Amino acid sequence: MINRWFYNNFLIDNYQEIGSTNDLIVEMAINDNSIDNYVICAQKQTNGHGRSGRDWQSPEGNLYFSLLIRPNSSIKDYSLLSFIAAIAISNAIIGLTNSQVNLEHKWPNDILLHGKKIAGILLKSDKSKQGLEFVVIGVGINILSNPKQTNFPSGNIKEELNIDINKEELLKLFLDNFSIFYQKFVEFGFAPIRNLWIKRAFKLNEEINVNLSNKRITAIFRDLNNSGNLILELDNGDVEAVSSAEIYQ
Ligand code: BTN
């Protein structure tokens with residue numbers, strides 16, 4: 001570990017190099033019930049994970065962190081926390097750049113800048129050995145570089161906006177925003193989160209290509225429902241809610 005600092009009610013451990021911030025934090029939380037509001041951040045990961053079993057290339061220069069929380073007992077569906085994280089990421093980037101920047105939320109949990117993926121979220125929930133549940137929200141934000149061979153186009157903030165981002169400031173702004181919208185979620189449920197998320201939704205009311213587990217379809221993205229599902233209008237006019245899929249180009 002290179003340093004430990006506190007920010008609001010979060011404890012943050014910063015590592016120079018680590019396999020995966022998600023793996024380490026999950027291992028720690030399984031063995032220690034007392035860990036909560038805890039962040040592990042790394043300058044570089046040697047075994048970063050993305051969604052659907054993909055690797056997350058993690059050279060020095062980008063932001064990689066995992067936030068661990070023990071969710072309030074009123075929260076039934078942990079997967080909705082990724083929408084809060086998406087809003088927190090885009091608000092944090094806007095806070096350090098400008099409000100006119102073209103940032104979009106790509107369902108379920110990617111952030112696009114100028115149509116290119118610049119951030120991803122990997123959510124994991126589990127229980128400690130004593131049975132206390134926890135959620136880990138892993139976030140990777142491309143600040144200086146991005147992988148070249150990707151299914152969906154990817155980019156980085158420096159190249160798109162020609163702006164130098166301070167990683168610590170970005171993390172702090174993320175945590176500020178996450179705390180605000182998490183609190184809103186606990187008090188008022190998913191509706192206000194959905195409303196904020198959808199304001200920046202990628203391809204809302206447009207045709208999208210969707211990879212479902214067994215087939216690929218083209219449909220119109222009509223809405224996000226209160227369970228975080230993608231609401232699609234199919235060619236024949238039928239409306240379908242999809243809980244797991246990938247939007248591709
Ligand atoms: C995605 O596929 O879009 C999700 C990427 C999540 C990457 C972050 S980087 C910090 C944390 N540690 C990991 O191994 N993965 C997440």
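None of the figures in this text is laboratory data; all of them are computed from the coordinates on show. If you're wondering where the values come from, they're calculated on a predicted model, not measured in any experiment. Note that each Cβ is placed from the backbone with ideal geometry, even for glycine, and that neighbours are counted across all protein chains shown.
Things to note:
- Here the gap between ASN214 and GLN130, fully extended at 0.36 nm per residue and compared with their Cα-Cα distance, gives a gain of 26.5 nm.
- For the chain, calculated [θ]222 nm from helices alone, where every DSSP H run of n ≥ 4 adds -39500 (n - 2.57): -8000 deg cm²/dmol
- Distance violations [Cα-Cα > 31 Å] among LYS148/LYS199; LYS44/LYS199; LYS127/LYS199: LYS44/LYS199; LYS127/LYS199
- Qualifying trypsin sites (Lys or Arg not before Pro) in the range 145-234, where qualification requires a DSSP coil assignment and no more than 11 other C-beta atoms within 10 Å, comprise LYS148, LYS215.
- Bridging of LYS117 to aspartates and glutamates at a Cα separation below 13 Å is possible for GLU104, GLU159, GLU160, once same-chain residues fewer than 8 apart are set aside.
- In order through the range 121-129: 3J(HN,Hα) via Karplus (6.51 cos²θ - 1.76 cosθ + 1.60), integer Hz, x for Gly, Pro: 10, 10, 9, 9, 10, 7, 10, 6, 4
- Distance histogram for the range 128-247 (every C-alpha pair counted, 5 angstrom bins, percent rounded to whole numbers): 2, 8, 12, 15, 16, 18, 15, 9, 3, 1, 0
- 0 to 90° range, to nearest 10: angle between helix 81-96 axis and the chain longest Cα axis: 80
- Of the residues HIS105, HIS114, the one with the fewest other Cβ atoms within 10 Å heads the list, and the complete ranking is HIS114, HIS105.
- Across the range 108-120, rounded Karplus estimates of 3J(HN,Hα) from the backbone phi angles (6.51 cos²θ - 1.76 cosθ + 1.60, θ = phi - 60°) give x, 8, 10, 10, 10, 10, 6, x, 10, 5, 10, 8, x Hz, Gly and Pro being marked x.
- Sequence-ordered 3J(HN,Hα) estimates for the range 185-192 from the Karplus curve with 6.51, -1.76 and 1.60 and θ = phi - 60° stand at 4, 5, 6, 10, x, 7, 3, x Hz, glycine and proline given as x.
- The range 179-236 versus the range 97-175: alpha-carbon centroid distance in Å: 18
- Debye log10 I(q)/I(0) at q = 0.09, 0.10 Å⁻¹ for the chain, Cα point scatterers: -0.38, -0.47
- Placing unit charges on the Cβ atoms only, positive for Lys and Arg and negative for Asp and Glu, gives the range 6-110 a dipole magnitude near 280 debye about its Cα centre.
- Charges were assigned to the Cβ only: +1 to each Lys and Arg, -1 to each Asp and Glu. The resulting dipole of the chain about its Cα centre is roughly 20 debye.
- The length gained on full extension between TYR7 and ASN162, counted as 0.36 nm times the residue separation minus their Cα-Cα distance, comes to 53.0 nm.
- Exposure here means at most 15 other Cβ atoms within 10 Å; with GluC sites (Glu not before Pro) in a DSSP loop as sites, the longest stretch of the chain lacking them is 61-205.
- Per residue, the convex hull around the alpha carbon atoms of the range 189-249 comes to 79 Å³.
- Max mean-square fluctuation residue, GNM over the chain, Cα-Cα springs under 10 Å, options LEU11, LEU212, LEU113: LEU212
- Under 5 Å from the amide H of SER125 lie the amide H atoms of VAL136, each residue being 5 or more positions distant or on a separate chain, with H modelled from the backbone and absent for Pro and chain starts.
- The range 27-137 has equivalent-ellipsoid semi-axes of 26, 17, 13 Å, by the square roots of 5 times the alpha carbon gyration tensor eigenvalues, sorted largest first.
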